[in-house]
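Down below is the structure, laid out as structure tokens.
The values are calculated or read from the model by the stated rules, or taken from the named source; none is laboratory data. Computed from a predicted model, the values in this text were never measured in an experiment. Cβ placement follows ideal geometry from the backbone for every residue including glycine, while neighbour counts extend to all protein chains displayed. In case anyone asks, the SASA skips ligands and DNA or RNA and just uses the protein heavy atoms, side chains included. Shrake-Rupley method; radii C 1.70, N 1.55, O 1.52, S 1.80 Å.
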Amino acid sequence: MGSSMARACANIALVKYWGKRDRNLNLPAGGSVSITLSSLQTTTRVTFDDGLRRDEMVLDGEPAAEGVRSRTGRFLDLVRTAAGTHRFALVESHNSFPTASGLASSASGFAALALAACRAAGMDPGWDGLAQLARRGSGSAPRSLLGGFVELMPGESPDGSDCLVRQVADPDYWDLRLLVVINGQSEKEVGSTEGMELTRLTSPFYGEWLRSGSADVDAALNAIVRRDFRSLGQVAETSCFRMHAVALSASPPLLYWNAVTVDAIHKVRALRKKGLEGYVTIDAGPHVKVLCRASDSEDLAREIREVPGVERVVIERPGPGAEVIE
Ligand code: 2P0
């Protein structure tokens, strides 16, 4: 038993996951396709310690909120069961971006935590085993284990053993960029897990959302194989707007956007008409992400920074998979 530190980058889904087929095992109802980012990352150290009476967590230098600490503790229970230990752990985690604001902090967080905790407990479950574990923490976390372009396959088996991730293409395969348009650091009102369940239980369109998703996965994979930027951008926008449409059709409705989100969408569409080609995607928060070619990224970022309310635009490239750093 010891200590280990791991790092994982956030990922942004181009084809979205929104809905679970099994809540206890946290199995997604549909597939998703993502890009792992390069600099929005979580670094986490896990230290198992005989002297602790419960799991402790420090997030960005402060004691974590009780909800975050206990969610982390429940995740560590899975690791303890697999490793056959009862020791509690100190978890020290740092995000290079605002936590819980729709910037996929839970994905990089649980990918780094799964890797560091397994290593600290002396286990090596392999990448498939790590994906199974990371998913129990957060449905999008398995995607952050791998670099570049990644597919998460939902599988069909009730035990989730066929819910796996695979790398579609490595980070150097295609010179694309994702602009992350940050427009506020407030925490979202309804978390993804709760939002997905509300959507599943109350939206009359939930079945249609799931039915259309597998064609979007195929179209995105096809576009990546052909390096067809326009097709990938179009399917990413389709998937994003359908996800938000089904969320908005829940009762009560889930609206993750603010006014700046909408202004940024309009800006990207106007720029596209002028030949500066970007495509938006938005997660369970107000930030817009823009998929573009590397050659257009600086010009697009400069234009989008002019939208009132936009605080920062970070230019991200396809990044590496998770790794142990100590
Ligand atoms: C995605 N999101 O595919 C979608 C799009 C947000 C919007 O996966 O409930 O925090 O822990 O599995 O992983 C965010 O969901 O949710 C997410 P849980 P998670 O990226």
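General remarks:
- Lysine pairs meeting the criterion (Cα under 21 Å, 8 or more apart or interchain), as found in the chain: 7
- Principal-axis analysis of the Cα atoms of the chain puts helix 259-273 at an angle of about 50° to the longest axis.
- Between residue 86 and residue 228, the distance separating the two model label sites (each 7 Å from Cα on the Cα→Cβ line) works out to 5.9 nm.
- Once the 1.4 Å probe is applied to the protein heavy atoms, the chain comes out at 42 Å² accessible per residue.
- Helix 66-83 axis versus longest C-alpha principal axis of the chain: approximately 60°, rounded to the nearest ten.
- Paramagnetic label reach from residue 24 (point 7 Å along Cα→Cβ; backbone nitrogen cut-off under 14 Å): within segment 121-152, no residues.
- Relative to the dominant Cα principal axis of the chain, helix 229-248 is inclined by about 70°.
- Mean projected area in nm² (Cα convex hull; one quarter of hull surface) for segment 129-257: 9.0
- Computed over the chain, the quotient of the alpha carbon radius of gyration and 2.2 N^0.38 Å is 0.96.
- Per the Kirkwood formula applied to alpha carbons, segment 176-316 shows a radius of gyration over Rh ratio, Rg over Rh, of 0.98.
- Where labels lie 7 Å past Cα in the beta-carbon direction, separation of residue 205 and residue 326 in nm: 4.8
- One chain, two ends: residue 299 and residue 190. Fully extended at 0.36 nm per residue, the span grows by 35.8 nm beyond their Cα-Cα distance.
- Placing R0 at 35 angstrom, the Cβ-Cβ distance between residue 214 and residue 65 gives a FRET efficiency of 0.40 after rounding to 0.05.
- Solvent-accessible area assigned to carbon and sulfur over the chain amounts to 49 percent, based on a 1.4 Å probe.
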